[in-house]
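Contents: one structure, followed by commentary.
The values are calculated or read from the model by the stated rules, or taken from the named source; none is laboratory data. It should be emphasised that the depicted structure is a prediction, and the values quoted were computed from it without experimental measurement. Here Cβ is always computed from backbone atoms with ideal geometry, including for glycine, and neighbour counts include all displayed protein chains.
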Amino acid sequence: MVRDLSYNLPGYGFANCYLIGQAIDVLDMLESNGIVEKMQNTCQLGTMKYIYPGAHHTRYEYVFTQLMLISNIATSDTRRSIELSLSSNLAEYENLGFKVSGSALMQCLAILSNAGHMYDTFTSSRILLRLLCESKKEKTAFYTIYKRNLPVSIRKKFDEYLIEGNYYKLHLFHIIQIIQGMSRSEKSKLICELCVHIVTQLIDPSHIENEATQRMFFLYKKIRKIAYLSVDMVYTPASFGANLSRMVYSISSYVDDLFDENSAMNNSIQQLEDIIHQQIYDSPMCILNTTRIEQDSYSKYKEKTDTVSNIFELRNVLLEKGDCELLHSKTQPKSIRGMDTATTLLLSKKWNVSCCYDLSYEAHVVSKFPLTRVAYGTQLAQNQQKVYSAYGLLSKEYIHKDVQTVISNAIGLQLFDESSKIELVKYAIKSIYTYGEYFFNMAAPKEISLNDCVFIGNGCKKIAEEIRRKFTKDIVPDPDQLHEILSCALVLESLNYSGSIVCFVGSIKASKYKNTDKIDELDGFIYLPNKSLETGFAYIVEAKNYAGGEDDAAKQLKETCKFLDKSLNTAITKLTKCAYLKLNINLAM
């Protein structure tokens with residue numbers, strides 16, 4: 001059984017596909033209950049639409065793209081997987097009274113896995129997951145009613161996701177709650193049971209019985225990725241171009257490759273996915289935007305969930321019906337709207353999925369700095385491999401003090417790992433030059449990573465010892481490069497400071513945005529995030545590996561002063577074959 005379905009799909013034009021088997025009944029049921037209309041009014045990127053105003057594509061457009069991909073596979077003469085045949089039958093659904101083909105199953109997955117989203121999508125999920133955790137702890141009705149109305153087979157998994165903070169899966173539990181309220185006739189009861197069973201398998205794959213069904217779930221996850229890449233990359237400023245429409249229309253020619261994790265096609269999809277996550281979904285502006293909306297909307301959601309006393313009221317919240325339609329955001333928070341993206345900082349660290357990800361942790365972090373000047377947000381990666389921390393300055397008026405606050409906060413809470421600590425150096429160096437006029441390229445000695453050139457810890461002498469121990473002539477055979485590195489250690493030893501230190505011992509080249517030629521170069525940089533601005537909080541190192549080189553080093557540092565922020569006071573000190581520039585601010589002025 002098939003049915004034509006058409007849609008004017010942005011980026012593709014007027015497109016057609018076939019609805020297959022049980023997907024017809026599922027879509028009809030959701031349409032008669034207003035869910036399809038809600039998907040057509042829900043932005044695919046949720047609250048990220050405020051960061052990317054042109055990203056106005058809807059959740060339904062994303063679903064239609066998936067339906068079209070699956071239809072193209074199912075009706076192609078080149079398909080090879082027998083489970084995808086329109087006449088195939090996945091045996092494990094027979095006991096529910098259905099003969100389900102692999103194509104029909106995947107189309108049901110495409111519809112059901114998107115139908116549970118609220119208007120603000122993952123921002124709403126973050127808030128509701130936090131409220132469910134609080135309700136569980138406080139033993140109030142919201143958590144009890146929510147869990148009690150889930151199938152017994154996934155209640156344990158529900159609690160696991162709450163502990164992990166995995167709000168990316170919460171909408172799957174939402175659609176189960178919603179669908180269970182639609183079984184008003186015998187026919188709808190059967191299709192509802194099938195839907196709940198399929199979503200249960202999606203939530204917990206251990207409920208999949210047969211290998212053929214597992215293959216279909218595996219293939220669907222690949223199709224889902226192709227769909228959101230082909231839709232989202234059209235509307236967002238990802239710095240990568242690809243003929244994604246060709247991927248959609250020619251999917252039947254490479255469907256077998258999707259089953260091979262090591263195929264060139266899967267490698268390409270993974271690379272595209274990494275790009276769009278890094279540049280769009282996990283970007284600092286998106287994280288800060290989500291966090292501020294969560295902070296602004298939390299009390300509204302709490303007011304509604306506190307009054308939930310039965311499953312009908314719970315469904316009204318999830319469907320945003322009646323007065324609950326006021327839950328979703330209407331505009332972007334003003335503070336984020338005016339933020340300069342250049343003032344943001346993104347850090348990441350590896351995440352152990354067995355740990356508890358506490359969404360209320362943000363409140364603890366932000367208690368350490370002025371919310372009127374600094375924004376902070378955290379986000380767990382969708383694959384739960386990393387946790388991101390984003391900072392942004394709401395004003396540049398106190399940029400030196402606020403950058404100090406941000407870096408000190410990040411170091412004190414260890415919000416970064418080896419792969420992202422270089423970002424602290426970049427953030428600090430940006431703040432001391434005339435802001436917004438320069439970009440910086442950093443380089444390390446040959447065969448040494450940038451992050452190996454970053455030292456973070458307490459005590460100048462201790463950091464100097466680490467530098468001398470790590471960099472020897474065996475590691476850095478170029479004598480001039482080694483001299484530049486060890487000159488940083490020499491400067492640290494002369495400072496005699498025991499507090500927190502960030503030190504970079506590689507090369508830093510500054511260039512103007514409007515003139516990409518290099519205009520300044522530093523041989524080392526030392527930043528003291530907890531030191532008083534008045535007594536000296538940053539040091540630029542210049543080294544010359546020849547007798548009397550300190551005089552030329554001092555001259556070069558004097559030239560550097562022309563490019564620095566005009567509020568900074570400078571003082572040059574000469575050491576043997578090197579010199580350093582001390583930066584401070586007279587706060588009394």
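Of all the numbered requirements in (1) in contact with a helix residue (DSSP H, G or I) (Cβ under 6 Å, 6 or more places away or on another chain); (2) touching a residue at least 24 places away in the same chain (Cβ under 8 Å); (3) under 22 Å from residue 203 (Cα atoms); (4) not charged (D, E, K, R), residue 91 misses one, and that requirement is (1). For the range 133-171, the tally of residues that are of a type in the set (A, V, I, L, M) and free of Cβ contacts under 8 Å to residues at least 60 places away in the same chain stands at 5. The set of residues in the range 434-454 that are of a type in the set (Phe, Trp, Tyr) and either assigned to a loop (DSSP other than H, G, I, E, B) or within 26 Å of the chain's Cα centre (by Cα) (or both) comprises 435, 439, 440.
Where helices (runs of 4 or more DSSP H) sit wholly within the range 133-237, those with at least 2 residues that are surrounded by fewer than 16 Cβ atoms within 10 Å (Cβ to Cβ) and of a type in the set (D, E, K, R) occupy 155-164, 186-203, 211-235.
Once the range 482-499 is narrowed to residues that are in contact with a Phe, Trp or Tyr (Cβ under 9 Å, 6 or more places away or on another chain) and either closer than 21 Å to residue 440 by Cα or among the small types (Gly, Ala, Ser) (or both), the residue that is surrounded by the fewest Cβ atoms within 10 Å (Cβ to Cβ) is 494.
How many of the residues making up the range 379-405 are assigned to a loop (DSSP other than H, G, I, E, B), touching a residue at least 24 places away in the same chain (Cβ under 8 Å) and of a type in the set (S, T, N, Q)? Residues in the range 379-405 being assigned to a loop (DSSP other than H, G, I, E, B), touching a residue at least 24 places away in the same chain (Cβ under 8 Å) and of a type in the set (S, T, N, Q): 3 in total. Here 431, 408, 420 are screened, and the one residue that is of a type in the set (Ser, Thr, Tyr), assigned by TED's automatic domain parsing to the domain that holds residue 539 and either in a helix (DSSP H, G or I) or surrounded by 18 or more Cβ atoms within 10 Å (Cβ to Cβ) (or both) is 431.
Residue under question is residue 502, and the condition is that it be surrounded by 19 or more Cβ atoms within 10 Å (Cβ to Cβ), touching a Pro at 6+ places or on another chain (Cβ under 7 Å) and modelled with pLDDT of 95 or more; does it hold?
On the way: surrounded by 19 or more Cβ atoms within 10 Å (Cβ to Cβ): yes; touching a Pro at 6+ places or on another chain (Cβ under 7 Å): yes; modelled with pLDDT of 95 or more: yes.
In short, yes.
Is one or more of the residues making up the range 545-558 within 23 Å of residue 586 (Cβ to Cβ), touching a helix residue (DSSP H, G or I) at 6+ places or on another chain (Cβ under 9 Å) and surrounded by fewer than 20 Cβ atoms within 10 Å (Cβ to Cβ)? So far as the range 545-558 goes, no, none of its residues is within 23 Å of residue 586 (Cβ to Cβ), touching a helix residue (DSSP H, G or I) at 6+ places or on another chain (Cβ under 9 Å) and surrounded by fewer than 20 Cβ atoms within 10 Å (Cβ to Cβ). Here residue 339 meets each of (1) assigned to a helix (DSSP H, G or I); (2) farther than 19 Å from residue 166 by Cα with one exception, condition (1). Residue under question is residue 539, and the condition is that it be at pLDDT below 95 and surrounded by 14 or more Cβ atoms within 10 Å (Cβ to Cβ); does it hold? Taking the combined requirement at face value, the residue does not satisfy it.
Of 294, 325, all but one fail to be crowded, with 21+ Cβ neighbours inside 10 Å, of a type in the set (D, E, K, R) and either touching a residue at least 60 places away in the same chain (Cβ under 8 Å) or farther than 24 Å from residue 136 by Cα (or both); the exception is 294.
Counting only residues that are over 31 Å from the mean Cα position of the chain (by Cα) and surrounded by 24 or more Cβ atoms within 10 Å (Cβ to Cβ), the range 23-50 holds 2 of them.
The residue of the range 348-378 that is modelled with the highest pLDDT, among those that are farther than 23 Å from residue 169 by Cα and assigned to a loop (DSSP other than H, G, I, E, B), is 373. In the range 330-347, the count of residues that are at pLDDT 85 or above and under 30 Å from residue 147 (Cβ atoms) is zero. Checked against (1) touching a helix residue (DSSP H, G or I) at 6+ places or on another chain (Cβ under 9 Å); (2) part of a helix (DSSP H, G or I), residue 309 passes all but condition (2). Screening residue 462 against (1) part of a loop (DSSP other than H, G, I, E, B); (2) farther than 18 Å from residue 522 by Cα; (3) assigned by TED's automatic domain parsing to the domain that holds residue 564 leaves a single unmet condition, (1).
Residue by residue, here is whether (1) over 23 Å from residue 500 (Cα atoms); (2) of a type in the set (Asp, Glu); (3) more than 19 Å from the chain's Cα centre (by Cα) holds:
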{"site": "332", "(1), (2), (3)": "yes, no, no"}
{"site": "338", "(1), (2), (3)": "yes, no, yes"}
{"site": "348", "(1), (2), (3)": "no, no, no"}
{"site": "367", "(1), (2), (3)": "no, no, yes"}
{"site": "374", "(1), (2), (3)": "no, no, yes"}
{"site": "379", "(1), (2), (3)": "yes, no, no"}
{"site": "402", "(1), (2), (3)": "no, yes, yes"}
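For (1) at pLDDT 95 or above; (2) in contact with a helix residue (DSSP H, G or I) (Cβ under 7 Å, 6 or more places away or on another chain), each residue gets a yes or a no:
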position: 98; (1), (2): no, yes
position: 107; (1), (2): yes, yes
position: 126; (1), (2): no, yes
position: 134; (1), (2): no, no
position: 147; (1), (2): yes, yes
